[in-house]
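Undergrad: Can you keep this structure in mind? I'll have questions shortly.
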Amino acid sequence: MLRLAQIGLGPLGRFIVADAASRRIATVVACVDTDPTLHDRRLADVVPACNSDVTIAPSLDGPPDAPIDWSAVDCAIVSTSSDLARCAPTLRDLLTRGVNIVSTCEELLFPRLRHAELADELHDLALRHNARLVGTGVNPGFMMDTLPVAMSAVCRNVRAVRVWRIQDASSRRIPFQKKIGAGLSDRAFHERIADGSLRHVGLGESLHFIAHHLGLAVSHWDESIEPIHADRDLACDLGPIPNGNAAGVRQVARGWNPEGDEIVTLDFRAAIGQSDPPPHDRLRIEAEPVIDATIAHGVHGDLATVSITLNAVRSLLAAPPGLHTMASIPPVRALA
């Protein structure tokens, strides 16, 4: 059984711990969170499904009287932030200890887009300490990047890739509903876009992941973001959403080649009560042959994120040391 360290016990981290226990694929042997209300508590008291006596530590060093034995950890799961710069101190510390890492940090899917120097540093650290690091998730991490790249295996002469992910966010966790601006007025929505706190993180990384791994020459790209307005009064876990306020977000990333052809298009929509169009995932690869595939109703984001995070561990452990992407580790499959 895999021996994991869970770094971060927000809603996603707790879901990961519970799923590892329920599937009996891993045991959590260490747990770290900076929230002082969690320090020195038993993990089972915070995540009852795991039935673990592990004590939640305030730092990677562990409590003074019981330091964490990192040699007993097969892999650390880091689910703390979408921003790679904010995750970097934790990643550096773990890699220096020789710990393998699977992280849900969205910018880590293709870190060279925004953090090229940091990516080089993390890769060098991983090589020096015989460790491995990869960023994954459902999106970014699979639906809008790894899946279309994998589907291209049956194609030749790929000319363009288009992906749509349309979600009803009603059943998503509260932090996700906040991230898409559910319930905000137009003014508040655009204020949060301006301060950078409202966006689907990782769409640009997905675009460049596709372009890089399929050899598509993206010379320039852009990203647009706009609210999806409620067409009736709605309710979500954040509270009521008046008719006309934002129910969610639509974000589109486009990449063009030097000739001006739009060769990668990613259309992401997530809203409370999304119905027109109905929720689904779709990808279209313009190639020989053309691939046009749709997953009716779409893939549930929270369940899929937890699943792929845990499923990726064995694939990462089978890869050579270094900083990886989802295309450079062995194919990820469901663990039984």
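Undergrad: Filter the range 261-296 for residues that are out of contact with any Pro (no Cβ under 6 Å at 6 or more places or on another chain), surrounded by 19 or more Cβ atoms within 10 Å (Cβ to Cβ), closer than 15 Å to Met144 by Cα and aliphatic (A, V, I, L, M) and give the result.
TA: Of everything in the range 261-296, those that are out of contact with any Pro (no Cβ under 6 Å at 6 or more places or on another chain), surrounded by 19 or more Cβ atoms within 10 Å (Cβ to Cβ), closer than 15 Å to Met144 by Cα and aliphatic (A, V, I, L, M) turn out to be Ile263, Val264, Leu266, Ala270, Ile285.
Undergrad: Continuing with the same structure: Report, by residue number, each residue of the range 258-277 that is part of a strand (DSSP E or B) and either under 24 Å from the mean Cα position of the chain (by Cα) or of a type in the set (A, V, I, L, M, F, W, C) (or both).
TA: Residues of the range 258-277 that are part of a strand (DSSP E or B), as a first pass: 262-271.
Hits for the range 258-277 are Ile263, Val264, Thr265, Leu266, Asp267, Phe268, Arg269, Ala270, Ala271.
Undergrad: From the list Pro227, Pro240, Pro258, pick out the single residue that is surrounded by fewer than 17 Cβ atoms within 10 Å (Cβ to Cβ) and under 17 Å from Gln177 (Cα atoms).
TA: Working: Pro227 fails: surrounded by fewer than 17 Cβ atoms within 10 Å (Cβ to Cβ); Pro258 fails: under 17 Å from Gln177 (Cα atoms).
When all the criteria are applied, what remains is Pro240.
Undergrad: Can you tell me how many residues in the range 196-212 are surrounded by 12 or more Cβ atoms within 10 Å (Cβ to Cβ), out of contact with any Ser or Thr (no Cβ under 8 Å at 6 or more places or on another chain) and not basic (Lys, Arg)?
TA: Step one: of the range 196-212, the residues surrounded by 12 or more Cβ atoms within 10 Å (Cβ to Cβ) are 198-212.
Within this subset, residues satisfying the condition of being out of contact with any Ser or Thr (no Cβ under 8 Å at 6 or more places or on another chain) are 198-200, 203-208, 210-212.
Add one more test, that the residue is not basic (Lys, Arg), and what stays is 198, 200, 203-208, 210-212.
Residues flagged as surrounded by 12 or more Cβ atoms within 10 Å (Cβ to Cβ), out of contact with any Ser or Thr (no Cβ under 8 Å at 6 or more places or on another chain) and not basic (Lys, Arg) within the range 196-212 amount to 11.
Undergrad: So which residues in the range 197-216 are hydrophobic (A, V, I, L, M, F, W, C), touching a Gly at 6+ places or on another chain (Cβ under 9 Å) and more than 25 Å from Asn157 (Cβ to Cβ), if there are any at all? Even if it seems obvious, please write down each step before you answer.
TA: So in the range 197-216, the residues hydrophobic (A, V, I, L, M, F, W, C) come out as 198, 201, 203, 207, 209-211, 214, 216.
Next, only the ones that are touching a Gly at 6+ places or on another chain (Cβ under 9 Å) stay: 198, 207, 210-211, 216.
If the condition is that a residue be hydrophobic (A, V, I, L, M, F, W, C), touching a Gly at 6+ places or on another chain (Cβ under 9 Å) and more than 25 Å from Asn157 (Cβ to Cβ), then Leu198 is the only one that fits.
Undergrad: Here's a follow-up. Which of the numbered conditions does Ser103 fail, given that it passes all the others? Conditions: (1) without any contact (Cβ under 8 Å) to a residue 60 or more places away in the chain; (2) in contact with an Asp or Glu (Cβ under 8 Å, 6 or more places away or on another chain); (3) among the small types (Gly, Ala, Ser).
TA: It fails just one condition, (2).
Undergrad: In addition: Within the range 125-157, can you find the residues that are farther than 30 Å from Pro279 by Cα, in a helix (DSSP H, G or I) and touching a strand residue (DSSP E or B) at 6+ places or on another chain (Cβ under 9 Å)?
TA: Leu125, Ala126, Leu127
Undergrad: Hey, another quick one. Would you confirm, using the coordinates I've provided, whether Asp281 is among the charged types (D, E, K, R) and closer than 23 Å to Thr104 by Cα?
TA: Details: among the charged types (D, E, K, R): yes; closer than 23 Å to Thr104 by Cα: yes.
Against the criterion (among the charged types (D, E, K, R) and closer than 23 Å to Thr104 by Cα), Asp281 qualifies.
Undergrad: For Ala312, indicate whether it is assigned to a helix (DSSP H, G or I) and either in contact (Cβ under 8 Å) with a residue 24 or more places away in the chain or over 30 Å from Leu125 (Cβ atoms) (or both). Explain how you work it out, then say what you get.
TA: Numbers: assigned to a helix (DSSP H, G or I): yes; either in contact (Cβ under 8 Å) with a residue 24 or more places away in the chain or over 30 Å from Leu125 (Cβ atoms) (or both): yes.
Yes: the conditions hold for Ala312.
Undergrad: Take the residues in the range 297-310 that are among the hydrophobic types (A, V, I, L, M, F, W, C) and closer than 13 Å to Arg165 by Cβ; name whichever of them is surrounded by the most Cβ atoms within 10 Å (Cβ to Cβ).
TA: As a first pass, look at the range 297-310 and keep what is among the hydrophobic types (A, V, I, L, M, F, W, C): 299, 303-304, 306, 308, 310.
From the residues that got through so far, the ones that are closer than 13 Å to Arg165 by Cβ too are 299, 304.
Details: Val299: 19, Ala304: 17.
Among residues in the range 297-310 that are among the hydrophobic types (A, V, I, L, M, F, W, C) and closer than 13 Å to Arg165 by Cβ, the one surrounded by the most Cβ atoms within 10 Å (Cβ to Cβ) is Val299.
Undergrad: When you look at Gly248, is it in a loop (DSSP other than H, G, I, E, B) and touching a strand residue (DSSP E or B) at 6+ places or on another chain (Cβ under 9 Å), yes or no?
TA: No: the conditions fail for Gly248.
Each row is one residue, and each column tells you yes or no for (1) within 25 Å of Asp302 (Cα to Cα); (2) basic (Lys, Arg); (3) in the same structural domain as His280 (by TED's automatic domain parsing); (4) buried (at least 22 other Cβ atoms within 10 Å of the Cβ).
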{"site": "Gly62", "(1), (2), (3), (4)": "no, no, no, no"}
{"site": "Ala72", "(1), (2), (3), (4)": "no, no, no, no"}
{"site": "Ala88", "(1), (2), (3), (4)": "yes, no, no, no"}
{"site": "Thr96", "(1), (2), (3), (4)": "no, no, no, no"}
{"site": "Glu106", "(1), (2), (3), (4)": "yes, no, no, yes"}
{"site": "Leu118", "(1), (2), (3), (4)": "no, no, no, no"}
{"site": "Leu122", "(1), (2), (3), (4)": "no, no, no, yes"}
{"site": "His129", "(1), (2), (3), (4)": "no, no, no, no"}
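Undergrad: Would you point out the residue of the range 170-205, among those that are of a type in the set (A, V, I, L, M) and outside any helix (DSSP H, G or I), that is farthest from Arg269 (Cα to Cα)?
TA: Let us first name the residues in the range 170-205 that are of a type in the set (A, V, I, L, M), namely 174, 180, 182, 184, 188, 193-194, 198, 201, 203.
From what is left, the residues that are outside any helix (DSSP H, G or I) are 180, 182, 184, 198, 201.
Numbers: Ile180: 9, Ala182: 12, Leu184: 16, Leu198: 13, Val201: 13 Å.
This residue is Leu184.
Undergrad: For the range 156-211, give me the residue count where each residue is more than 20 Å from the chain's Cα centre (by Cα) and closer than 21 Å to Ile295 by Cβ.
TA: Looking only at that region, the number is 3.
Undergrad: Hey, Arg232 hits all of (1) without any contact (Cβ under 8 Å) to a residue 60 or more places away in the chain; (2) assigned to a strand (DSSP E or B); (3) out of contact with any Asp or Glu (no Cβ under 9 Å at 6 or more places or on another chain) but one; which does it fall short on?
TA: For Arg232, the exception is condition (2).
Undergrad: Continuing with the same structure: Identify all residues within the range 245-257 that are within 19 Å of the chain's Cα centre (by Cα) and either among the aliphatic types (A, V, I, L, M) or farther than 16 Å from Arg232 by Cβ (or both); write none if there are none.
TA: Within the range 245-257, the subset within 19 Å of the chain's Cα centre (by Cα) is 248-253.
Selection gives Val249, Arg250, Gln251, Val252, Ala253.
The values are calculated or read from the model by the stated rules, or taken from the named source; none is laboratory data. Please read these numbers as outputs of a predicted model, since none were measured by experiment. In this analysis, Cβ positions are derived from the backbone assuming ideal geometry, glycine residues included, and neighbour counts consider all displayed protein chains.
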